Structures are given as structure tokens and as C-alpha cells.
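The values are calculated or read from the model by the stated rules, or taken from the named source; none is laboratory data. The structure displayed is predicted, hence computed values, not measured ones. Positions of Cβ are backbone-derived with ideal geometry, glycine not excepted, and every protein chain shown enters the neighbour counts. Protein only, heavy atoms only, side chains kept; ligands, DNA and RNA dropped before computing areas. Shrake-Rupley method; radii C 1.70, N 1.55, O 1.52, S 1.80 Å.
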Amino acid sequence: FKIGWIILILQLPVMGGLLYLLFGGKLPAHRMRRRLAAQHAETAAALGQDEAVFGALRGDDARAAARSRYITATGGYPVCMDSDVKYYPLGEEMYADMLRALESAEHFIFLEYFIIEEGEMWNTISDLLEEKVKKGVEVRVMYDGMCSIAMLPYNYPEYLKTKGIQCKMF
């Protein structure tokens with residue numbers, strides 16, 4: 001919405017400026033902020049911080065504990081113990097481990113992607129997800145529709161739903 005106002009003001013400096021003062025305001029930004037606050041309030045109970053984690057971290061490294069407390073306070077996400085993270089510089093290096101993890105899922109699979117494109121990797125994952133649904137595993141997929149707009153059919157979420165996969169496109 002800001003770009004639209006900029007274009008209007010550049011093309012009609014006096015009239016565009018007056019229209020902005022009358023109607024521009026911050027209403028869309030306020031609406032978005034209210035929606036985000038409501039979503040944050042809805043999930044806040046699930047994101048509670050266990051203070052014992054900070055105590056254990058403080059015993060290991062006080063500076064890391066201070067940084068973690070800051071990140072938790074500003075980001076709103078809790079610090080957890082006994083988690084295991086492996087860094088993959090490229091997606092191809094992660095692929096085999098991901099397939100093994102998907103195959104071992106017993107209760108649920110939640111996937112979030114920036115871009116999905118039909119091809120060898122996604123088709124293999126999609127077939128595996130379909131098999132897991134047949135075995136009673138809850139499968140949810142979420143992806144950015146703008147970035148996949150030229151790569152997937154418009155009704156791709158409905159196609160996945162016919163396979164039993166819950167899908168949201170944003």
C-alpha cells in the first residue's frame with residue numbers, strides 16, 4: 001500500500017499529498033499489527049519459557065544465557081534443552097536425512113516451504129507424504145504461493161487435499 005501512495009504522490013504531488021493526509025493514515029499497518037498480536041496471544045501459552053533451561057545455560061555459559069534471554073524476549077520463542085541441530089549448507093545435502101526422518105514419522109509431519117516446484121525431489125517427498133497419510137500420520141504442508149505461482153498449478157492445495165494432505169498456501 002505504501003508503494004501505491006508513493007506513485008500517486010510522485011504523479012500528483014499536491015493532490016496526492018492531500019489525498020494521503022486525508023485517507024492514507026496507517027490503517028492497513030494497524031490492522032496487520034492487530035492480527036499479528038491476536039495470533040501471538042493465541043500461541044503464547046504454547047511458547048512458555050522454562051526458567052530451568054536458563055539456569056542450566058547460565059551454569060554453562062553466562063554470556064550465552066544472556067543472549068538467549070534477549071532473543072527470547074525480543075522474538076517471543078523459548079529456549080529449549082536437549083535439542084539437536086544439524087546445519088546443511090545446501091538442500092541436496094539435507095535430502096537423504098529428510099527422507100529418513102519423514103519415513104520414520106509416526107504421528108505427524110509438518111512441512112513449511114518458501115518455494116515448491118514439481119520435480120524429482122518434491123515428487124518423491126509428495127509420494128512419501130501420501131503413503132504416510134494412508135498409515136494414519138497427520139500431514140500438513142504450508143508454502144508461499146507467490147514464489148511458487150509459476151511452478152505449481154493454481155489449485156495445487158486442493159490436489160494435495162485429495163491425497164489427504166492438509167495444505168495452506170500463503
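Note: relative contact order over region 43-137, using C-alpha pairs below 8 Å and six or more positions apart, is 22 percent.
The residues packed around TYR113, meaning those with a beta-carbon under 12 Å from its beta-carbon, carry a net charge of -1 if Lys and Arg are +1 and Asp and Glu are -1.
The trypsin sites (Lys or Arg not before Pro) of region 1-79 that DSSP puts in a loop, and whose beta carbon has at most 14 other beta carbons within 10 Å, are LYS26.
In a reduced charge model with +1 at each Lys and Arg Cβ and -1 at each Asp and Glu Cβ, the chain shows a dipole moment near 1180 debye about its Cα centre. In the chain, what percent of the accessible surface is made up of carbon and sulfur (1.4 Å probe, ligands and nucleic acids excluded)? About 61 percent, which is the carbon plus sulfur part of the accessible surface. Every Cα-Cα pair of region 42-141 was included, and the share exceeding 19 Å stands at 60 percent.
Suppose we flag GluC sites (Glu not before Pro) only when DSSP calls them loop and at most 14 other Cβ atoms lie within 10 Å. Which is the longest uninterrupted stretch of the chain? My reading of the result: 1-105 is the longest stretch.
Normalised by the number of residues in the chain, the average gap of Cα pairs under 8 Å and 6 or more apart makes the relative contact order 14 percent.
The accessible area of MET121, taken with all protein chains in place and a 1.4 Å probe, comes to roughly 80 Å². Listed values (1) 63, 50, 31; (2) 79, 36, 30; (3) 62, 31, 31 include one computed from this model; for Cα extents along the principal axes in Å that value carries the label (1).
Within the same chain, lysines fewer than 8 places from LYS2 are excluded, and of the rest, those with a Cα less than 23 Å from its Cα are LYS26. In whole Å, what is the distance between the alpha-carbon centres of region 16-59 and region 94-170? Spelled out, the Cα-based centre of one part sits 29 Å from the other. Near GLU131: Cβ cut-off under 12 Å, other residues only, Lys/Arg at +1 and Asp/Glu at -1. The net charge is +1. Ordering LEU111, MET81, GLY91 by the projection of their Cα atoms onto the charge dipole of region 40-117, which places +1 on the Cβ of Lys and Arg and -1 on the Cβ of Asp and Glu, puts MET81 at the extreme positive end.
Using the structure shown, select from LYS134/LYS168; LYS86/LYS168; LYS86/LYS161; LYS86/LYS135; LYS132/LYS168 the pairs with a Cα to Cα distance greater than 23 angstrom.
Over 23 Å Cα-Cα: LYS86/LYS168; LYS86/LYS161; LYS86/LYS135.
Estimated at 0.36 nm per residue, the fully extended path between GLN39 and ASP60 surpasses their Cα-Cα distance by 4.1 nm.
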